[in-house]
Structure formats: C-alpha cells, structure tokens
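Chemist: Just passing along the structure, written as structure tokens.
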Amino acid sequence: MTSAMTSVYADRRARLAAQLGEGAIAIVPTAQVMPRNRDNDFPFRHDSYFYYLTGFTEPAAWLVLGADGHSTLFCQPKDVEREIWDGIRLGPEAAPATLGVDAAYSVDELNQRLPQLLENRSVVWWPFATHPGLESRVDGWLQKVRARVRYGALAPESQRDLCALLDEMRLVKDAHELDVMRRAARISAGAHVRAMRRCAAMLRAGQDVREYHLDAELWHEFRQHGAQFPAYGSIVAAGANACVLHYRADAAPIRDGELVLIDAGCELDGYASDITRTFPANGRFTGPQRALYELVLASQQAAIDATRAGARFTDPHEATVRVLTEGLFELGLLTRQAHGSVEDAIANRHYFAYYMHRTGHWLGMDVHDCGSYVEPAERGQVSERRDPLSGEIIKDRPARVLRPGMVLTIEPGLYVRPSAQAPEAFWNIGIRIEDDAVVTASGCELITRDVPVDADAIEALMRD
C-alpha cells in the first residue's frame, strides 16, 4: 500500500475517532470466510466497514480504535505451512508500517487483549446486526472486564451502533472513492457494449444464443480490466424474463425479435458499479418495443434533471413517476375510464402494475450502499398516510437532501406482463435503464454513459 493510500485510511480513522466521544472505543471485524461446500469456500470478500478504515483485504482481522485515535489491528500471524496453501499473509509485524496502524497483534491474541483494551472505557461502539455472533463476543469480553471491578477496573456503561457514524461518513464519497467508481463504471460500460455486440453477431451468424453466453462476456470484460468480482449477481434476462426484477442469468434462449435486459456491474478495489441496459437481441427495436423504451428513457431524463445538490432523494423518483404515468395513458396501458386522471393514477399508484420499484439507491462499496434516506435533522417530522394498494399505514419522514459527492443510481423501468388491462402488443416486454450519478452542485455527473442509451445509438452499436 502506498503512503498516499495509507493516509486516506488514517484520515478516515481519525475522523471516526473524533466522533466516538471521550473514553470510547470501537471494534470493527472484517467478514468471515464462508464455506461453499465440502472443503471449498466462497471467494472471500472483506467487510466494507472494515475495509473503509484499513484497506486490508485478508480474512480473520479486526480493528480496534480508541477515541484518542490509537488504532490496533489483529490479523493472521505468519505461518509458512498455511501460506503454502492459502497465500502470503501480511502478519502483525509488518502491519503497522504497511497499513499505518499504531499496533498489531496476532488474531490468536484477540480474546486475551480485547478485555484489556475495553477496561476503563466509557462506551463501546460496534456495528450492530452485521456479524452473527458479534454481540455474544462483545458480551464475553465485557464479562471479563467486570470480573476485575474488585481491582478497580471500570467497564463500559453503554454500547452504541457504529454503523450510525460510518454510514454518514461513507455516504459522501471522497476524491479517491470517486476515482475508483469512475474506473469501475468504465469497465462495466465496456462489458455491456461487448455483450450487446456479441448478441447481435451470434444471431446474425445463425448461432444458438443463450443468456449464459452474454453473462460470460460480462465476466470476461470485468476480469480483463482488473475488476475483482461482479458487484452482484448479473441479470441477463431474455424476452419475458425481463419482467422478473431479480432474474438471474440462466440458460434461456435469446430469440430474434426479443428484447434483452442486462443489469450488471463490476466491483473494483472494493467499489461497485451498477448499470442496466435493455436492447433488441437482433439490433432493431420493433414499434411497441421502441415506444415503451422511449418512455422509460424520457422518465430517466426527468429523474436526471431532478438530481442535484439541494434536491431531495425522492425528487428523481417523483419526476420519473409523473413521466411514466403520463406515457402509460398515452400508450393505452392506463385509461381514464378505469384509472381517472394522471393525478388520480399517481395518487392511487395505478402505475404500480407496470413500475413497482424505486428509481434509485445509494451506491458505493456496496451496490445498495449504506446511508439513511431520511434527512437527519428532520427525523422528528413524521406524517402518516394509508397506502392505497396495501392499506397499511406508512410513516413518512422528510427525504434526504442531496449533497455533492453522494452517488446514487437512476433506474426507471416498465414491465408489462400479459393481462386483460394491457394491450397485447406490449405483453412480456420488460425495460429498465440504469446509470450511476455523482451529485454535483449544479446537477449530476453520469459516470456510466460509455454505453449508449439512445435507441438509435444502440441500434448503430449493434450493427457494428
């Protein structure tokens, strides 16, 4: 790790330490290795909170941070035999110089040293509900501290959720994070372009095209350019499968005349990208396909126009819903006889039959990244309403105010399943268009537009 990167993580630890409160201490574990089947594990992926503070990617590691800024790392010890099988370990001796922490010990000493570090602290912070069994381990360490009260030891009087502090820190990205996310976005855009071109080329050659063929193109492009993982399970959905929101790439055939929806992005150096494109398998939209596609694209542009510093997180969604609802009336998917006016259809959520998800989410180290969607200073402003579809009581709080450096997705869609209410020409068409947006003072920066969204541009790309 370079000295510049070491200082990035050291600065984050210092900013966190300053928020812990006098006499407090924080405990942050990384993720556990997860078994896949007998004698085989899933590829290890670090815990995002832990990586955010350390940049360390080995398993079996813990960070302990005091309010005074003193940082202690516990990690796997050097072990020649295990390193032959599993790879070279950093080891506690090299950790302070490499990672910039103040002290480091073998993870084998964790249970011995943690009670000592907790002794005479006022508060212990740890990430609630993120690591199964962590609460019990903290309780065990505190029991050992309390066993020493006769010798004058004091135990922490309260426990607090560290996620509350780290979520706020991670919500606004720094320059290093934005650089990585832009690079991840370029790689993912290239993967979508590759998959589009491969699909059209195979169909033109008369070959059997399956969803897994396009999934393979995505994986190839991700790894070709250094991305470590897909950021999530890639969705490659042909024809009617695109109407299943969380469909996974499988073996279904991709047929001439159908649309293909690909929702896929890579993870690069711990940061996710998230792109969705919908395109004609043969490179040419039919009339009904293009009509729905142009509507979704127009709704996305409305959401993009609403995304800027000072706006609310819900503003892009509301802009999308209005454009989609107006278009659904124009295309005959909603009717005034059955659904009233546009305002009625929005108020009663009649559009929900075709558009049933939100227009975006936070993006960062996790594809659905951490961070509250409620403005912190306005949490106490609560209103109630009855949902017109479910009948349940919804508690509304003011949505988050967007700030420069926040990153979110903008992803409207339409999904038309066969029904008596929908014109048959639109049946089994599923369309989603998704881009990643960095909030700026005057608007937003779309970092995923290296893959086209304009219908004519998509057709031109696939002809090439």
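The values are calculated or read from the model by the stated rules, or taken from the named source; none is laboratory data. The shown structure was predicted, so the numbers you read here are calculated from the model rather than taken from an experiment. Cβ atoms come from the backbone with ideal geometry, glycine included; neighbour counts cover every protein chain shown.
Chemist: Answer yes or no: is there a residue in the stretch 285-303 that is over 19 Å from residue 433 (Cβ atoms) and of a type in the set (Phe, Trp, Tyr).
Modeler: Within the stretch 285-303, the first condition is being over 19 Å from residue 433 (Cβ atoms), and the residues that meet it are none.
Taking every residue of the stretch 285-303 in turn, none turns out to be over 19 Å from residue 433 (Cβ atoms) and of a type in the set (Phe, Trp, Tyr).
Chemist: When you scan the stretch 156-172, do you find a residue that is modelled with pLDDT under 95 and farther than 21 Å from residue 73 by Cα, even just one?
Modeler: yes
Chemist: Any residue in the stretch 415-430 that's among the charged types (D, E, K, R): show its pairings with residues that are modelled with pLDDT of 95 or more and crowded, with 19+ Cβ neighbours inside 10 Å at Cβ separation under 6 Å, as long as the two are six or more apart or on different chains.
Modeler: Partner pairs satisfying both residue conditions: 417/243.
Chemist: Tell me yes or no: at least one residue of the stretch 33-42 is in the same structural domain as residue 100 (by TED's automatic domain parsing), outside any loop (DSSP other than H, G, I, E, B) and among the aliphatic types (A, V, I, L, M).
Modeler: Keep residues of the stretch 33-42 that are in the same structural domain as residue 100 (by TED's automatic domain parsing), which gives 33-42.
Of the ones still in play, those that are also outside any loop (DSSP other than H, G, I, E, B) are 35-37, 40-41.
The next check asks that each one be among the aliphatic types (A, V, I, L, M); those that pass are none.
Scanning the stretch 33-42, I find no residue that is in the same structural domain as residue 100 (by TED's automatic domain parsing), outside any loop (DSSP other than H, G, I, E, B) and among the aliphatic types (A, V, I, L, M), so the answer is no.
Chemist: Now for a separate question. Could you pull out the residue among 210, 146, 197, 170 that is under 30 Å from residue 23 (Cα atoms), in contact (Cβ under 8 Å) with a residue 40 or more places away in the chain and basic (Lys, Arg)? Write out each step before concluding.
Modeler: Values: 210 fails: under 30 Å from residue 23 (Cα atoms); 146 fails: in contact (Cβ under 8 Å) with a residue 40 or more places away in the chain; 197 fails: under 30 Å from residue 23 (Cα atoms).
Going through 210, 146, 197, 170 in turn, just one is under 30 Å from residue 23 (Cα atoms), in contact (Cβ under 8 Å) with a residue 40 or more places away in the chain and basic (Lys, Arg): 170.
Chemist: Further, regarding this structure: Quick one: would you say residue 134 is over 17 Å from residue 14 (Cα atoms), touching a helix residue (DSSP H, G or I) at 6+ places or on another chain (Cβ under 6 Å) and of a type outside the set (Lys, Arg)? Reasoning before the result, please.
Modeler: Details: over 17 Å from residue 14 (Cα atoms): yes; touching a helix residue (DSSP H, G or I) at 6+ places or on another chain (Cβ under 6 Å): no; of a type outside the set (Lys, Arg): yes.
Criteria not met by residue 134.
Chemist: Identify, from the list 106, 122, the residue that is within 15 Å of residue 26 (Cα to Cα), out of contact with any Cys (no Cβ under 6 Å at 6 or more places or on another chain) and small (Gly, Ala, Ser). Steps first, please.
Modeler: On the way: 106 fails: within 15 Å of residue 26 (Cα to Cα).
Result of the check over 106, 122: 122.
Chemist: Kindly indicate which of 441, 425, 437 is aliphatic (A, V, I, L, M) and in a loop (DSSP other than H, G, I, E, B). Reasoning before the result, please.
Modeler: Working: 425 fails: in a loop (DSSP other than H, G, I, E, B); 437 fails: in a loop (DSSP other than H, G, I, E, B).
On inspection, the qualifying residue turns out to be 441.
Chemist: Still on this structure: Would you mind finding the one in 223, 255, 248 that is modelled with pLDDT under 95 and farther than 23 Å from residue 444 by Cα? Even if it seems obvious, please write down each step before you answer.
Modeler: Details: 223 fails: modelled with pLDDT under 95; 255 fails: modelled with pLDDT under 95.
Exactly one of 223, 255, 248 is modelled with pLDDT under 95 and farther than 23 Å from residue 444 by Cα, namely 248.
Chemist: Just wondering, is there one or more residues in the stretch 452-462 that are part of a loop (DSSP other than H, G, I, E, B), within 23 Å of residue 239 (Cβ to Cβ), touching a Pro at 6+ places or on another chain (Cβ under 7 Å) and not basic (Lys, Arg)? Steps first, please.
Modeler: Step one: list which residues in the stretch 452-462 are part of a loop (DSSP other than H, G, I, E, B), which gives 452-454.
Those left that are additionally within 23 Å of residue 239 (Cβ to Cβ): 452-454.
So of that shortlist, the ones also touching a Pro at 6+ places or on another chain (Cβ under 7 Å) come out as none.
Looking through the stretch 452-462, none of the residues is part of a loop (DSSP other than H, G, I, E, B), within 23 Å of residue 239 (Cβ to Cβ), touching a Pro at 6+ places or on another chain (Cβ under 7 Å) and not basic (Lys, Arg).
Chemist: Can you name the residue in the stretch 333-350 that is part of a loop (DSSP other than H, G, I, E, B) and in contact (Cβ under 8 Å) with a residue 24 or more places away in the chain and is also surrounded by the most Cβ atoms within 10 Å (Cβ to Cβ) among such residues?
Modeler: Initially, the stretch 333-350 is screened for residues part of a loop (DSSP other than H, G, I, E, B), giving 333-335, 340-341, 348-349.
Checking the rest, the ones that are also in contact (Cβ under 8 Å) with a residue 24 or more places away in the chain come to 333, 348-349.
Numbers: 333: 24, 348: 13, 349: 16.
The extreme case among them is 333.
Chemist: If you scan the stretch 11-61, which residues turn out to be among the β-branched types (Val, Ile, Thr), within 21 Å of the chain's Cα centre (by Cα) and under 19 Å from residue 118 (Cβ atoms)?
Modeler: 28 - this is the single residue of the stretch 11-61 that is among the β-branched types (Val, Ile, Thr), within 21 Å of the chain's Cα centre (by Cα) and under 19 Å from residue 118 (Cβ atoms).
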